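The values are calculated or read from the model by the stated rules, or taken from the named source; none is laboratory data. As the structure is a computational prediction, the values presented were derived from the model and not from experiment. Reconstructed Cβ throughout: ideal geometry from the backbone, glycine too, with neighbour counts over all protein chains shown. Only protein heavy atoms, including side chains, enter the accessible area calculation; ligands, DNA and RNA are left aside. Shrake-Rupley method; radii C 1.70, N 1.55, O 1.52, S 1.80 Å.
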Amino acid sequence: MTKPLVVVESPTKVRTINKYLGKAYNVSSTVGHIKDLPPREIGIDIDDAFKPNYRIIPGKNKVVRALKAAAGDATEIFLASDPDREGEAIAWHTAEILKKKGRKFYRVLFHELTKNGIQKAIQTPDALNKNKYEAQQARRILDRLVGYQVSPLLWRKVKGGLSAGRVQSVTVRIICERERAIWAFDPEEYWTITADLEGATPPLFSAKLAKKKGKTVKITNKSTSDTILAELSGARYIVDKVSRKTTKRNPLPPFITSKMQQEAIRKLKFSAKKTMSVAQQLYEGIDIGPGDPTGLITYMRTDSIRIAAEAAHEAMDFIGTQFGPEYAPDKPRFFKNRSKAQDAHEAIRPTSVYHTPEKLAAYLSKDQLQLYRMIWQRFVASQMQPALINQNSVAIAAGAYTFTASGSSVKFPGFMALYLSADDEAEKKEKKQPLPELEENTELKFCAIHPKQHFTLPPPRFSEASLVKELEENGIGRPSTYASILSIIRDKGYVDFIKGYFKPSELGFIVNDLLVQTFPDIFSVDFTAKLEALLDGIEEDRVKLIDVLSQFYKPFLEKLENAPENMLNVKGVGFETNLKCPACDGPLHIKVGKNGPFITCNNYPECRFSRDFTRSEKGKIQPVELPPEEVTDKICDQCGQPMVIKRGRYGNFLACSGYPACKSTQSLANGNGNDLGIKCPEPDCTGTIVEKKSRRGKVFYGCNRFPQCTFATWDMPVDKPCPKCGAKFMVEKTTKKQGTFLTCINPECKHREDKAE
């Protein structure tokens, strides 16, 4: 009888799990998903309750055979793929493949790859979770319905290779709307007035003007500032009120996925994608001794801040020993989840606080050590005593005006002795001024006064960290999807990532505007967030899969059926710009060509004006002026004037310098093209045949008067008239059976001869 089989998702885990299960089990891996929807068709029977047509992923047949061989005649299969929705889908598909009479399947959830975590999970297996699987199916089906039915619209209306996504397109919309908010922003002027003052003892400190006769002062221009300065001239600065208090600052909870990504982006300069990749390595197991693979952190895809009681107690003991009893709380600190959080997993924490970063430094790469240290410190700090902060503030009377100043100092560092968040570090860099000991009703020495002009700032562009935060707060996507979303929108060319911030590309604006105009609800933030909540409802058995899909598809289908007619054709009409053509005064529109978006006259082909364009800081379209025309030594075969190099929507070409009187053009092809000296065979064409290259680099031959003449052939012309029909030239062909030979360019003439003749 074959031993029970444990099936995991990642081959990296096999060795870690084998170490703790010993020889009583076989362990094998699916290497990710083994089934999915077909790649070249929608794969969903919409009329049959949205039934998905899952197939073995191309290239995974070898994995399937290995799984079947490993299962042998075993009667027990433990499905231990990752403890999330994707892992649940892998478990169900594995069970379908290995299904056999008399065979039982158990679902095993490894929240941490440690001896205790693995053995406990194997000893307390569960049944496959249908609700979680259906939640994953619903997401996959919804994404396929949108992607495979909307993307072809973009191919027809914009250009091939584009894609729409239920979540990715909403993310692009968020970035586009932020950019337009930046364009629309008008800065407002304001002024601040700060006085440098001294008390009876050092140090000198600064106080900021706040009120006049008890009302907040708003200084909007230099004139108002000058008036206030005049009124303050000669004023005495008297301490009116001193406030001293000590506040507690509690530690943050351990990481959830999104917070880990945000903190790693800001503190470690990791991308969201890199953060998840390194965290996966720490979860799956690192060799921390010869042949000793150990999972160092709990599962890294979670939005729960729950922690196990034994982990909290272990941290408390460690803190008391390493930092002193004053740093350890009297009882463990547990954090309350948000109402929307899934509680299937713990927060991200080290599997043992005694695996300190210092002890593991020799076994981890630089990236692994940086991320592990951040996770370890955040968790241990979450169980430490609060920090105590002394906060002092003072109100200072100067005639009718009131100035304020504040300062702070750390009375007891508590958790801050170990860990500062990115926000704490940013606050620390501000270097808040210390205040001297001040007593009420005492006069201060006036040293200087500083009026300063400011302008309000526009909303900032999104960084990776702030975009993840925005998605999380709006309920868009889930922690496990953020990294892939951010990668996809960059890879598709919808956004640029400039100096650490996302900026929409022109293509991103075009695609976003088309989708929002045609599917205003489907690609809205609110609708997408509600759909995410419904997916959670499926997992929690509050909503049925078929109901969610049906409620989504009915309005979507209505818009989809009208989209071919309603969606603007950017290849044809294009977007209006409210700009006039400098050549003919016609309207300029934005269109998309093979080289990307450009502006062109809507009176084409009568007017051939077109330009690349940029945008001003306010988003205004600015045509890119062309460099002076380069005169060539070629002569126009129509009027005899020199030809010049111009740039059009298809790249550079030769045009007559006598334009618009003479509109003759020639293709530059590959440089000036290799002129074969053979006349074009088309009637009434005065062009010659030149060698060209396709966009994929394949050589072909065509008329140098393209686009006026469109003659082209893949076969190389030979300057020899056909002896049978009198065609201007023949072409050279090569086949395996007949070798190289010449044949007539005229397809109706069958003349053929050996090349040697």
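Values computed for the structure shown
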{"read-out": "Sites matching trypsin sites (Lys or Arg not before Pro) across segment 305-413 that sit in DSSP coil, with at most 11 neighbouring C-beta atoms within 10 Å", "value": "Lys336, Arg338, Lys340"}
{"read-out": "Ranked order, Tyr327, Tyr237 - accessible area, probe 1.4 Å, largest first", "value": "Tyr327, Tyr237"}
{"read-out": "Label-point separation, Thr321 to Ile546 (7 Å along Cα→Cβ), nm", "value": "5.8 nm"}
{"read-out": "FRET efficiency for Ala49 and Lys273, using Cβ-Cβ distance with R0 set to 45 Å, rounded to 0.05", "value": "0.80"}
{"read-out": "Accessible surface, 1.4 Å probe, highest first, among residues Lys724, Lys101, Lys591", "value": "Lys101, Lys724, Lys591"}
{"read-out": "Filtered trypsin sites (Lys or Arg not before Pro), segment 430-493: DSSP coil and at most 14 other beta carbons within 10 Å", "value": "Lys431, Lys432"}
{"read-out": "Relative packing of peptides 394-400, 65-71, 623-629 - highest average C-beta neighbours within 10 Å first", "value": "394-400, 65-71, 623-629"}
{"read-out": "Label-zone membership for segment 527-571, site Ala127, 7 angstrom Cα→C-beta point, backbone N under 19 Å", "value": "538-545"}
{"read-out": "Accessible area of the chain belonging to carbon and sulfur atoms, whole % at 1.4 Å probe", "value": "50 percent"}
{"read-out": "Cα-based reach from Lys245 at 17 Å (exclusive), listing lysines while leaving out same-chain residues under 8 positions away", "value": "Lys411, Lys432"}
{"read-out": "At most 13 other Cβ within 10 Å, DSSP loop - GluC sites (Glu not before Pro), segment 510-563", "value": "Glu540"}
{"read-out": "Asp684, Asp513, Asp612, Asp240, reordered so the largest accessible area comes first (probe 1.4 Å)", "value": "Asp684, Asp240, Asp612, Asp513"}
{"read-out": "Probe 1.4 Å - accessible area at Phe185, Å² to nearest ten", "value": "50 Å²"}
{"read-out": "Label-point gap, in nm, between Ala210 and Arg236 - each point 7 angstrom along Cα→Cβ", "value": "2.2 nm"}
{"read-out": "Average accessible surface area per residue within segment 1-94, 1.4 Å rolling probe, Å²", "value": "45 Å²"}
{"read-out": "Restraint check, Lys213/Lys241; Lys23/Lys99; Lys273/Lys469; Lys366/Lys429, Cα-Cα greater than 18 Å", "value": "Lys23/Lys99; Lys366/Lys429"}
{"read-out": "Solvent-accessible surface (1.4 angstrom probe) belonging to Glu86, in square angstrom, nearest 10", "value": "70 Å²"}
